[in-house]
1. Which entries of Lys95/Lys138; Lys233/Lys308; Lys95/Lys373; Lys479/Lys530; Lys464/Lys530 show an alpha-carbon separation above 20 angstrom in the structure shown?
2. Note down the accessible area of Ile469, probe 1.4 Å, to the nearest 10 Å².
3. Could you tell me how far the Cα centroid of segment 426-466 sits from the Cα centroid of segment 219-262, in Å?
4. Shape call for segment 219-273 from the C-alpha gyration tensor, a ≥ b ≥ c root eigenvalues: rounded (a/c under 1.5), prolate (a/b greater than b/c) or oblate?
5. Dipole of the chain, Cα-centred, from +1 at each Lys and Arg C-beta and -1 at each Asp and Glu C-beta, to the nearest 20 debye?
6. Efficiency by 1/(1 + (r/R0)^6): what FRET value for Gln369 and Leu65, r their Cβ-Cβ distance, R0 = 25 Å, to the nearest 0.05?
7. Whose amide H sits under 5 Å from the amide H of Gly70, counting only residues 5 or more places off or on another chain, with H placed in the peptide plane?
8. Taking +1 at the Cβ of each Lys and Arg and -1 at the Cβ of each Asp and Glu, which of Trp569, Gln369, Phe230 sits farthest along the dipole of the chain towards its positive end, judged by Cα position relative to the Cα centre?
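The values are calculated or read from the model by the stated rules, or taken from the named source; none is laboratory data. Keep in mind the model is a prediction, meaning the values are calculated, not measured. Cβ atoms come from the backbone with ideal geometry, glycine included; neighbour counts cover every protein chain shown. When the accessible area is computed, the model is the full protein with side chains, heavy atoms only, and any ligands, DNA or RNA have been set aside. Shrake-Rupley method; radii C 1.70, N 1.55, O 1.52, S 1.80 Å.
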Amino acid sequence: MAAATRIISLNLGSQSIELAEFHARPHDGLTLSGYHFREVLVDPTGEGMQRTQIVAALREMLDELQIKSGNVNYAIAEQSVFARFVKLPAVGEEKIERIISFEAQQNVPFPIDEVVWDYQLVGGGAQEQIQVVLVAIKADLLDEINGAVEETGLRTSIVDVATMALYNAFRYNYSVLTGCSLLIDIGARTTNLLFIEPGKIFSRSIPIGGGSITSAIAKEFNEPFTAAEFRKKRDGFVSLGGACPEPTDVDVARVSKIIRGTMTRLHAELMRSISHYRVQQCGNSPERVFLSGGTASTPYLREFFHEKLQLPIEVFNPLRNVAVADSAPVDEIARSAHLLGEPVGLALRAARDCPMELNLRPANVVRRQELEKRRLFFIMAAACFILALLGWGAYYLRAAHVIRYCTDQLQQKIDIMRAAEAQLDKLRKQTNSLDTIATPLVAVINDRSFWPEILDDLNVRLPKEDIWITELVPTSGGKPIGMDEKRIAQITPSPTPAGPIAAAKSARVDSTGPVIDGIFVHGLYLFSPKQQEVVVDYFRNLVGSRFFSIDPNNQARVIRPTTPNSTEWAFPYELHLDFRKPTQMP
């Protein structure tokens, strides 16, 4: 089979959709270049995903992979398909097709004209029985599914069954294995068992899956199906049982026991299926077990099956012989490796010959493909090539003309904008010159309102009762100014250590000339129960002022201590307040 340049694989599960893009490598190899997975939560008691849900999710994934159209190989979930494994006697090739047609009418539980069916011969030889894999699906259901796929712009090429795609992926990646291998694909609604031996295959579907766990959790916690699914993914693992300690979280322990109970039921069905395979199909006991499907990633699931089956257990790796492109989402692919069996098996159908090549194409797809094969490919290709040359020639001639015209138009606009830029530069220089003249005038205007704002701020923050201001004295460098030496000696407070702020202001005074950097506030407060606390309240009010630089943790630097007594009706107080921004001395 000729390998395609690009291969699009689509797996339509019961509650999930997988879309993958592959490219064929030399020597019939595959390279995974894109992959997206969408989960569509549907209650298991319902009818499954609706057509609108499939179309919406598929269009979103196609946009993310930047796929507009193309041929697609897609797989249908096992529970939507009727499968039978029939053994035929060794007969001539001319009789096989008639016998299979008869067996199909006998085994398919629907009128044969209402289904789409196909078959595959497995094993057999000159003296051996021939095993026939017979699959069928209702035609109206297939048309509904195919309509949803092709509504997104894709064109159906191959319609496969999920378990058979898994079988092809397994044979491609584990071709050297001998003996019987059991592949357990735990999906949302069902668990599909795939017994694989050289020259033999058998599958069986068990109605227990991830949805069964979610439904049990929803019933146990009395919550919606969606919330139970979230709880399962967040807290779920298979309880180890026995002497292993339980989780400290009671809800997590309940979830783990529910999962273990469901897996125990699945194990019982699994053992019955193994017995059926050995007795009815004359198969061998499994020598190893592989886990696949969405539930295969549940913690401790491998340990559970190893304890029950006493066989080697590993997670099926469908990318064992498949390369992954650098542009592919490696992190998402690593998390979803156990889900990629069906997409890989579908891609193999377009890249090489496969041991299982079932194709359940709808009638309209068959007609379309037959018509396409009858077209005159070479004539159409030549006509398209000539038209393409003419079209590209006309396109480039027109493009060259448009580019020249647009260049001329842009050059005219550029010339106009350059003239405007020169005018703006001239205005910018004039503005800078005017700013130099206006800055000192603006500063003088602002200083005119400085002292009224200071007085208003002192008055606003003054407590309402038992205190008032009697005198304000400006200071420069920490010393009063504008009065005689005697008065200065009376009001100058005891020296206090100069902090970083005072040192910085002193440096500013020395560098810019005399400035007023603070004020002394003198006043009285009445004899009252609060006593000096009224001054402290005033100090706290002043901490939030935008004019004064006050350290709220250094009260002693601002308030000059006084000692009230019971013989006077009012007591003096004094505050030393530093300006945040000193003002020039007039």
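1. Those over the limit are Lys95/Lys138; Lys233/Lys308; Lys95/Lys373; Lys479/Lys530.
2. Accessible surface of Ile469 is approximately 60 Å².
3. First find each Cα centre; the distance between them is then 71 Å.
4. Oblate.
5. 820
6. 0.55
7. For Gly70, the qualifying residues are Arg155.
8. Going by the Cα projections, it comes out as Gln369.
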